[in-house]
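*Asks:* Structure below; questions to follow.
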Amino acid sequence: MILPEKTGRKMGAEEAEPLYARSSEDDELESFQEKNVRSSRSNRLLLYILGALGYIILLGLYTRLWIRFRELEAEVHQLRPELFPSLAESSAFRRDSRVFSLTVADTPFAGDPSPELDKAWHDLLEDTTIRVAKEDLDYYNVTSLPLADGSGYASELFMTHELHCLKKVRQWIYKDAYFDDVQGLARNELKRHGIMCRGDVSLGTYTYISAGTSVTARSWGSHQCVDFDALISWARERAVDIFQPGAIPSPEEVGPEHITLKKEPH
């Protein structure tokens, strides 16, 4: 049986017809969802970019602070006091950092009076009066006794003067051994020695000894120390003995600026 052509065409149309027809609302919903997805992706990307920029900024600030810290640390280690011209032009003044023990064991400069200890202090403070130029005195706007040969002026590194004071303090502890025959004004002068000028501001700590009740100090800080040997070598190259006859002019040959009136102790 042959179906009519019209009937065949009608069935084909029914087979091609979709089960669900899209509406304009469906298109709008899909468009809205796609926009939301794109917006969400854009927001996440923006957050990633802002996070990366924040990290880079923080890293940059940290790096700059670290570099500045290292610069300040280097500046501290290179700090120099005011140096008069002769010393500033030399390589004698050098700094180093060290941690040193507070113990006085194995030092030739401490202990009971003995010929060996006295010799160690004598050698340490030998030849500490030095020759300096006029420009060195002008740097501090001061005067000093001229040397008779016209080669300069008598002076000293104050470091050696402080060591001299420390020696006198140590000797005063044993005054019966060192100053038993020193009386009057000279003895009073010996009492006036002390060292209080330059304070080491690095920190020390405390500890108990062998879990007992006795407390002792410990030194942990890094100390800014002078290269003592280099500085003393430089000074001794310029040493003069002003107590040799004729080394300096007589009191009658110098002006009043070179004469200091003696004061009575109080």
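The values are calculated or read from the model by the stated rules, or taken from the named source; none is laboratory data. What you see is a predicted model; the values in this text were computed from it and never measured. So basically every Cβ, Gly included, is an ideal-geometry build from the backbone, and we count neighbours across all protein chains shown. Keep in mind that these areas ignore ligands, DNA and RNA; they rest on the heavy atoms of the full protein, side chains included. Shrake-Rupley method; radii C 1.70, N 1.55, O 1.52, S 1.80 Å.
*Asks:* Just to be sure I understand, how many residues within region 122-176 are over 30 Å from Ala110 (Cβ atoms) and charged (D, E, K, R)?
*Replies:* Within region 122-176, residues that are over 30 Å from Ala110 (Cβ atoms) and charged (D, E, K, R) number 6.
*Asks:* Report, by residue number, each residue of region 220-254 that is among the small types (Gly, Ala, Ser) and at pLDDT below 90.
*Replies:* Gly221, Ser222
*Asks:* List the pairs whose first member sits in region 109-120 and is farther than 16 Å from Phe179 by Cα, whose second member is small (Gly, Ala, Ser), and whose Cβ atoms are under 7 Å apart, counting only residues at least 6 apart or on separate chains?
*Replies:* Within 7 Å, the pairs are Phe109/Ala120; Leu117/Gly111.
*Asks:* Does at least one position in region 181-194 carry a residue that is at pLDDT 80 or above, assigned to a loop (DSSP other than H, G, I, E, B), under 30 Å from the mean Cα position of the chain (by Cα) and surrounded by 11 or more Cβ atoms within 10 Å (Cβ to Cβ)?
*Replies:* yes
*Asks:* Would you check if there is a residue in region 98-116 being touching a Phe, Trp or Tyr at 6+ places or on another chain (Cβ under 7 Å), open to solvent by less than 100 Å² (accessible area, probe 1.4 Å), assigned to a loop (DSSP other than H, G, I, E, B) and at pLDDT below 80?
*Replies:* Looking through region 98-116, at least one residue is touching a Phe, Trp or Tyr at 6+ places or on another chain (Cβ under 7 Å), open to solvent by less than 100 Å² (accessible area, probe 1.4 Å), assigned to a loop (DSSP other than H, G, I, E, B) and at pLDDT below 80.
*Asks:* Within region 195-205, is even one residue assigned to a loop (DSSP other than H, G, I, E, B), in the same structural domain as Phe109 (by the TED database) and touching a residue at least 60 places away in the same chain (Cβ under 8 Å)?
*Replies:* no
*Asks:* Check Asp241, Asp136 and return the single one that is within 29 Å of the chain's Cα centre (by Cα) and among the acidic types (Asp, Glu).
*Replies:* Only one candidate qualifies: Asp136.
*Asks:* As an exercise: evaluate Lys168 against (1) at pLDDT below 90; (2) of a type in the set (Lys, Arg); (3) under 35 Å from the mean Cα position of the chain (by Cα) and give the number of the one condition it does not meet.
*Replies:* All conditions pass for Lys168, except number (1).
*Asks:* Right, another one. Which condition number does Arg170 fail, the rest of (1) in contact (Cβ under 8 Å) with a residue 40 or more places away in the chain; (2) among the basic types (Lys, Arg); (3) outside any helix (DSSP H, G or I) being met?
*Replies:* (3)
*Asks:* Hey, can you tell me all the residues within region 212-250 that are under 26 Å from Ala133 (Cα atoms), open to solvent by 90 Å² or more (accessible area, probe 1.4 Å) and either assigned to a helix (DSSP H, G or I) or not acidic (Asp, Glu) (or both)?
*Replies:* Of everything in region 212-250, those that are under 26 Å from Ala133 (Cα atoms), open to solvent by 90 Å² or more (accessible area, probe 1.4 Å) and either assigned to a helix (DSSP H, G or I) or not acidic (Asp, Glu) (or both) turn out to be Asp229, Arg236, Phe243, Gln244, Pro245.
*Asks:* Exactly one of these conditions fails for Ala120: (1) under 19 Å from Phe228 (Cβ atoms); (2) loosely packed, with under 11 Cβ neighbours inside 10 Å; (3) at pLDDT 90 or above. Give me its number.
*Replies:* (2)
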